[in-house]
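Some notes on the structure that comes next.
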2 protein chains.
Amino acid sequence: MKIEEIYKQINNLGGRLTKVRKVIIDSLINSDCLMSQDCILKALKKNDLKPNRSTIFRELAYLVKTNTIIKNTINNIDYYEIPKAHHHHLVCLKCHDISKIDIKDHFEIEEKKISKEKKFNILNHSLEFYGYCENCNNF
Amino acid sequence: MKIEEIYKQINNLGGRLTKVRKVIIDSLINSDCLMSQDCILKALKKNDLKPNRSTIFRELAYLVKTNTIIKNTINNIDYYEIPKAHHHHLVCLKCHDISKIDIKDHFEIEEKKISKEKKFNILNHSLEFYGYCENCNNF
DNA sequence: ATATTTGCAAACGTTTTGCATAGTG
DNA sequence: CACTATGCAAAACGTTTGCAAATAT
């Protein structure tokens, strides 16, 4: 999904393209990994925007509700990302570090099957592997 | 993992096999799907146990910390399950219903590859498909 | 001009904590 | 007996809300 399409979609829903909203979408598009709320706040500060915490909450809730972004809660922290069909992660159970992995999944076929059999309209998916990273595995 | 092994593991770590702990482990083993805290509380009540809320929090945190159970947060609600290598779900973005699906994954091979390449010791994984269930898809 | 978005401060609900008591091995 | 687990009440924390002012279309 290109950024123009996202903007248009927001317009169609009656939403405004505020500075905060644009920066959030922009940074999520340019970051190819999960961003926490703190991470998003930092990106906003870099653009000289210091919105109130409640604004961020409302903004992220809005973007999730309109399916513009996806929320993924790992280890009690909410992370956000642009739906891109592929977002797979290695999550360390000890240091809680999260790293991206590229694995070939065969989900397109599976998803079509599920859509038919279960009549469930799949928009995206998330896959996380939990375990110990190299550092933590060696105590 | 058999229940005796779990009990032994808890003992080895210096943990006690309290009534609450046993019922939680039992009900998670016998439930083949995700259980929320409320769901676990109901199971405890069925066994005439009405522990304090803080006890449940502490207990679940303990079981997660010792890798006896897994926590999976979906739509802001923490769900718990026994690690069993396979726990895949369909999550409705509208009514928030969660249903189990059995899909053949090829992760054993992938996991071995990742373990080698990234030196990441994988213990388990979670896979969720997000979208609209049959009811919600028809508005 | 109209509807959406924002900041602020207060309210809310969930989760955590400290400590004394009870329970387990 | 030593140590873990529990209940209780209070504290801490993240998140949400109502409203008036600011902003976008």
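Some values worked out for this structure:
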quantity	calculated
Least to most buried among B:Phe107, B:Phe120, B:Phe57 (fewest other Cβ within 10 Å first)	B:Phe57, B:Phe107, B:Phe120
Cα-centre dipole for the range B:88-131 with unit charges at Cβ (Lys and Arg positive, Asp and Glu negative), debye to 20	200
Averaged over A:45-51, number of beta-carbon atoms from partner chains that fall within 10 Å	0
Signed unit charges on C-beta, dipole axis of chain A, positive-most listed residue A:Thr66, A:His106, A:Ile29	A:Thr66
Spin-label proximity, B:Lys65 to the range B:1-20 - amide N less than 15 Å from point 7 Å beyond Cα toward beta carbon	B:10-11, B:13-16
Fewest-first sequence of A:Tyr7, B:Tyr79 by Cβ atoms within 10 Å of each Cβ	A:Tyr7, B:Tyr79
Virtual paramagnetic centre 7 Å along Cα→Cβ of B:Asn30, amide N under 14 Å, in the range B:39-77	B:40-49
Helix-only mean residue ellipticity at 222 nm for the protein assembly as shown, each DSSP H run of n ≥ 4 adding -39500 (n - 2.57), per residue, nearest 500	-13000 deg cm²/dmol
Among beta bridges that DSSP assigns inside the range B:88-131, antiparallel share in %, nearest 5	40
The range A:88-131: relative contact order as a whole-number percent, Cα under 8 Å and 6+ apart	54
Counting DSSP beta bridges with both ends in chain A, the antiparallel % (nearest 5)	70
Segment B:Ile77-B:Gln9, length gained on full extension (0.36 nm per residue, minus Cα span)	21.7 nm
Cα-based shape type of chain A, given that a ≥ b ≥ c are square roots of the gyration tensor eigenvalues and the cut on a/c is 1.5	oblate
Chain B, relative contact order in percent, only Cα pairs under 8 angstrom and at least six apart counted	20
Karplus-derived 3J(HN,Hα), 6.51/-1.76/1.60, for each residue of the range A:56-65, Hz, glycine and proline x	4, 4, 5, 5, 5, 4, 4, 5, 5, 4
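Quick note: the coordinates plus some simple rules give every number you see, no bench work behind them. Keep in mind that this is a model prediction, so the values were computed, not measured. Every residue, glycine as well, gets a Cβ built from its backbone with ideal geometry; the counts of neighbours run over all protein chains shown.
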